[in-house]
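These notes are about the structure you will find just below.
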Amino acid sequence: VTNFVRKGVEKSSKRVFIVHRLDRETSGVLVFAKHQEAKRFLQSTWLDFEKTYCAVVHGRMPKQHGRIESYLSESGVHKMYSTRDATKGKLSKTQYRVLKEVGDFSLLEIKILTGRKHQIRVHLADAGCPVVGDRKYGEGKGREAKRLALHAQTLLIAHPHTKQEMSFTAEVPGYFKALMA
(Lines give C-alpha, C1' and ligand atoms only; values in the text may rest on other atoms or scores of the structure.)
Protein backbone atom coordinates (compact mmCIF):
# COMPACT_ATOMS: atom_id res chain seq x y z
CA VAL A 1 0.00 0.00 0.00
CA THR A 2 2.86 2.36 0.81
CA ASN A 3 4.35 1.71 -2.65
CA PHE A 4 0.99 2.56 -4.22
CA VAL A 5 0.75 5.80 -2.24
CA ARG A 6 4.28 6.74 -3.24
CA LYS A 7 3.40 6.01 -6.90
CA GLY A 8 6.77 4.49 -7.70
CA VAL A 9 8.87 7.22 -6.04
CA GLU A 10 10.74 5.20 -3.41
CA LYS A 11 12.12 8.23 -1.54
CA SER A 12 8.72 9.90 -1.22
CA SER A 13 7.80 10.90 2.33
CA LYS A 14 4.23 9.74 1.71
CA ARG A 15 3.25 6.70 3.75
CA VAL A 16 0.26 5.01 5.29
CA PHE A 17 -0.42 3.86 8.83
CA ILE A 18 -2.10 0.56 9.63
CA VAL A 19 -5.21 1.09 11.76
CA HIS A 20 -6.18 -2.55 12.42
CA ARG A 21 -5.45 -6.06 11.26
CA LEU A 22 -7.21 -9.12 9.94
CA ASP A 23 -6.14 -12.72 10.41
CA ARG A 24 -3.78 -13.65 7.59
CA GLU A 25 -6.32 -15.77 5.70
CA THR A 26 -9.31 -13.46 6.28
CA SER A 27 -10.36 -11.34 3.31
CA GLY A 28 -12.19 -8.02 3.30
CA VAL A 29 -12.07 -4.40 4.35
CA LEU A 30 -8.88 -2.97 5.83
CA VAL A 31 -8.37 0.58 7.08
CA PHE A 32 -5.21 2.62 6.65
CA ALA A 33 -4.64 6.23 7.68
CA LYS A 34 -2.67 8.84 5.76
CA HIS A 35 -1.60 10.69 8.89
CA GLN A 36 -0.46 9.70 12.38
CA GLU A 37 -3.25 11.81 13.97
CA ALA A 38 -5.90 10.04 11.89
CA LYS A 39 -4.46 6.68 12.90
CA ARG A 40 -4.60 7.61 16.59
CA PHE A 41 -8.22 8.78 16.29
CA LEU A 42 -9.34 5.68 14.40
CA GLN A 43 -7.61 3.33 16.82
CA SER A 44 -8.94 5.16 19.89
CA THR A 45 -12.53 4.92 18.62
CA TRP A 46 -12.18 1.46 17.05
CA LEU A 47 -14.52 -0.26 19.52
CA ASP A 48 -17.30 2.21 18.60
CA PHE A 49 -17.27 1.21 14.95
CA GLU A 50 -19.62 -1.38 13.49
CA LYS A 51 -17.87 -4.36 11.94
CA THR A 52 -19.83 -6.93 9.92
CA TYR A 53 -18.30 -10.18 8.74
CA CYS A 54 -19.63 -13.12 6.80
CA ALA A 55 -18.48 -16.70 7.12
CA VAL A 56 -19.27 -20.09 5.70
CA VAL A 57 -19.27 -22.66 8.50
CA HIS A 58 -19.53 -26.41 8.78
CA GLY A 59 -22.94 -27.61 9.93
CA ARG A 60 -25.92 -25.65 11.19
CA MET A 61 -26.07 -23.21 14.05
CA PRO A 62 -28.34 -24.17 16.97
CA LYS A 63 -30.52 -21.08 16.35
CA GLN A 64 -31.16 -18.87 13.30
CA HIS A 65 -29.73 -15.89 15.18
CA GLY A 66 -28.05 -15.44 18.50
CA ARG A 67 -25.16 -14.24 20.55
CA ILE A 68 -22.11 -16.15 21.73
CA GLU A 69 -20.31 -14.90 24.84
CA SER A 70 -17.27 -16.23 26.62
CA TYR A 71 -13.99 -15.11 28.08
CA LEU A 72 -11.13 -15.63 25.62
CA SER A 73 -7.65 -16.50 26.75
CA GLU A 74 -4.48 -17.45 24.90
CA SER A 75 -2.60 -20.70 25.46
CA GLY A 76 1.17 -20.98 25.36
CA VAL A 77 1.03 -22.05 21.70
CA HIS A 78 -0.68 -18.82 20.55
CA LYS A 79 -4.06 -20.53 20.31
CA MET A 80 -7.13 -18.87 21.76
CA TYR A 81 -9.69 -20.73 23.83
CA SER A 82 -12.93 -19.96 25.67
CA THR A 83 -13.31 -20.06 29.40
CA ARG A 84 -16.13 -19.17 31.77
CA ASP A 85 -13.61 -17.85 34.29
CA ALA A 86 -13.52 -14.03 34.05
CA THR A 87 -10.13 -13.96 35.80
CA LYS A 88 -8.53 -16.02 33.01
CA GLY A 89 -9.76 -14.22 29.90
CA LYS A 90 -11.31 -11.15 28.30
CA LEU A 91 -15.06 -10.92 27.77
CA SER A 92 -15.92 -11.53 24.10
CA LYS A 93 -19.29 -11.13 22.39
CA THR A 94 -20.22 -12.28 18.89
CA GLN A 95 -23.65 -11.83 17.31
CA TYR A 96 -24.66 -13.98 14.34
CA ARG A 97 -27.53 -14.47 11.91
CA VAL A 98 -27.95 -17.41 9.53
CA LEU A 99 -28.39 -16.16 5.95
CA LYS A 100 -28.49 -19.48 4.10
CA GLU A 101 -28.09 -23.21 4.72
CA VAL A 102 -27.03 -25.61 1.97
CA GLY A 103 -26.08 -29.22 2.63
CA ASP A 104 -23.41 -29.32 5.32
CA PHE A 105 -22.69 -25.58 5.18
CA SER A 106 -24.25 -22.40 6.58
CA LEU A 107 -23.61 -18.81 5.51
CA LEU A 108 -23.59 -16.42 8.47
CA GLU A 109 -23.62 -12.67 8.97
CA ILE A 110 -21.53 -11.85 12.04
CA LYS A 111 -21.15 -8.69 14.10
CA ILE A 112 -18.35 -8.56 16.60
CA LEU A 113 -19.36 -6.62 19.68
CA THR A 114 -15.85 -6.88 21.11
CA GLY A 115 -12.63 -7.26 19.19
CA ARG A 116 -10.52 -10.13 20.45
CA LYS A 117 -7.91 -12.19 18.65
CA HIS A 118 -9.55 -15.03 16.65
CA GLN A 119 -12.86 -14.25 18.37
CA ILE A 120 -15.15 -15.27 15.51
CA ARG A 121 -13.22 -18.43 14.77
CA VAL A 122 -13.18 -19.59 18.41
CA HIS A 123 -16.83 -18.74 19.08
CA LEU A 124 -18.08 -20.55 15.97
CA ALA A 125 -15.92 -23.59 16.72
CA ASP A 126 -17.30 -23.57 20.29
CA ALA A 127 -20.82 -23.60 18.80
CA GLY A 128 -19.91 -26.75 16.86
CA CYS A 129 -19.76 -24.93 13.51
CA PRO A 130 -16.14 -24.07 12.72
CA VAL A 131 -15.34 -21.76 9.81
CA VAL A 132 -14.68 -23.68 6.59
CA GLY A 133 -10.93 -23.85 5.96
CA ASP A 134 -9.96 -23.09 9.57
CA ARG A 135 -6.96 -25.31 10.18
CA LYS A 136 -6.38 -23.92 13.67
CA TYR A 137 -9.86 -24.22 15.24
CA GLY A 138 -11.65 -26.46 12.76
CA GLU A 139 -10.97 -29.77 14.52
CA GLY A 140 -9.63 -31.37 11.34
CA LYS A 141 -12.45 -30.04 9.15
CA GLY A 142 -10.34 -27.28 7.57
CA ARG A 143 -7.91 -29.45 5.66
CA GLU A 144 -10.01 -29.93 2.52
CA ALA A 145 -10.75 -26.25 1.90
CA LYS A 146 -8.47 -24.06 -0.15
CA ARG A 147 -8.80 -21.03 2.16
CA LEU A 148 -10.50 -19.67 5.26
CA ALA A 149 -14.13 -18.73 4.55
CA LEU A 150 -14.15 -15.61 6.73
CA HIS A 151 -14.62 -12.15 5.22
CA ALA A 152 -14.66 -8.65 6.76
CA GLN A 153 -17.57 -7.41 4.68
CA THR A 154 -18.59 -3.98 6.02
CA LEU A 155 -17.00 -1.41 8.25
CA LEU A 156 -18.89 1.63 9.52
CA ILE A 157 -16.51 4.27 10.91
CA ALA A 158 -16.33 7.97 11.71
CA HIS A 159 -14.07 10.07 9.48
CA PRO A 160 -11.07 11.15 11.57
CA HIS A 161 -11.46 14.85 10.71
CA THR A 162 -15.11 15.52 9.82
CA LYS A 163 -16.49 12.82 12.19
CA GLN A 164 -19.00 12.01 9.41
CA GLU A 165 -20.12 8.38 9.36
CA MET A 166 -18.57 6.41 6.50
CA SER A 167 -19.34 2.88 5.32
CA PHE A 168 -16.97 0.61 3.39
CA THR A 169 -17.97 -2.73 1.89
CA ALA A 170 -15.95 -5.47 0.21
CA GLU A 171 -17.86 -7.90 -1.99
CA VAL A 172 -18.06 -11.48 -0.75
CA PRO A 173 -15.49 -13.64 -2.55
CA GLY A 174 -16.65 -16.01 -5.26
CA TYR A 175 -15.28 -18.87 -3.15
CA PHE A 176 -18.12 -18.34 -0.65
CA LYS A 177 -20.72 -18.35 -3.42
CA ALA A 178 -19.28 -21.61 -4.79
CA LEU A 179 -19.48 -23.26 -1.36
CA MET A 180 -23.11 -22.18 -0.97
CA ALA A 181 -24.26 -23.11 -4.51
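For Gln95 and Thr45, what is the calculated FRET efficiency with R₀ set at 22 Å and r taken between the beta-carbons, to the nearest 0.05? Taking R0 as 22 Å, the efficiency between Gln95 and Thr45 is 0.65. Scaling against 2.2 N^0.38 Å puts the C-alpha radius of gyration of region 44-142 at 1.05. Relative to the current alpha-carbon distance between Asp104 and Arg21, full extension at 0.36 nm per residue lengthens the span by 26.9 nm.
With the charge dipole of region 74-155 set up from +1 on Lys and Arg Cβ and -1 on Asp and Glu Cβ about the Cα centre, the Cα lying farthest toward the positive end among the listed residues His151, Leu99, Leu124 is that of His151. Look at the alpha carbon pairs under 8 Å that are at least 6 residues apart: their mean separation over the length of region 103-157 gives a relative contact order of 20 percent. Here the accessible area of the chain is 51 percent carbon and sulfur, with a 1.4 angstrom probe and all protein chains present. The residues of the chain expose on average 59 square angstrom of accessible surface per residue, using a 1.4 Å probe on protein heavy atoms. Each residue of region 105-112 was assigned a 3J(HN,Hα) from its phi angle through the Karplus expression (A = 6.51, B = -1.76, C = 1.60, θ = phi - 60°), giving 10, 10, 9, 10, 9, 10, 10, 8 Hz with x at Gly and Pro. The number of Lys pairs in region 10-76 with C-alpha atoms less than 20 Å apart, excluding pairs fewer than 8 positions apart on the same chain, is 4. Placing +1 on the Cβ of every Lys and Arg and -1 on the Cβ of every Asp and Glu, with no other charges, gives the chain a dipole of roughly 540 debye about its Cα centre. Determine which residues of region 102-138 fall in the zone a paramagnetic label at Glu74 would reach in this model, i.e. backbone nitrogen under 14 Å from the point 7 Å along Cα→Cβ. Once the point is set 7 Å along Cα→Cβ of Glu74, 116-119 turn out to lie under 14 Å by backbone N, inside region 102-138. Among the listed values (1) 17.7, 55; (2) 15.9, 54; (3) 16.2, 60, the one matching Rg and Dmax of the Cα atoms in Å as calculated from this structure is (1). Couplings for region 63-79, taken from phi via the Karplus curve 6.51 cos²θ - 1.76 cosθ + 1.60 with θ = phi - 60°, read 10, 5, 7, x, 9, 10, 10, 6, 9, 9, 9, 10, 7, x, 9, 6, 10 Hz in order; Gly and Pro are left as x.
Once the C-beta distance of Asp126 and Thr169 is scaled by a Förster radius of 30 Å, the resulting FRET efficiency is 0.60 to the nearest 0.05.
The values are calculated or read from the model by the stated rules, or taken from the named source; none is laboratory data. The model shown is predicted, which means the values in this text are computed figures rather than measured ones. Cβ sites come from the backbone with ideal geometry, for glycine too, and all protein chains shown count toward neighbours. Please note that ligands, DNA and RNA were not included when accessible areas were found on the heavy atoms of the full protein model with its side chains. Shrake-Rupley method; radii C 1.70, N 1.55, O 1.52, S 1.80 Å.
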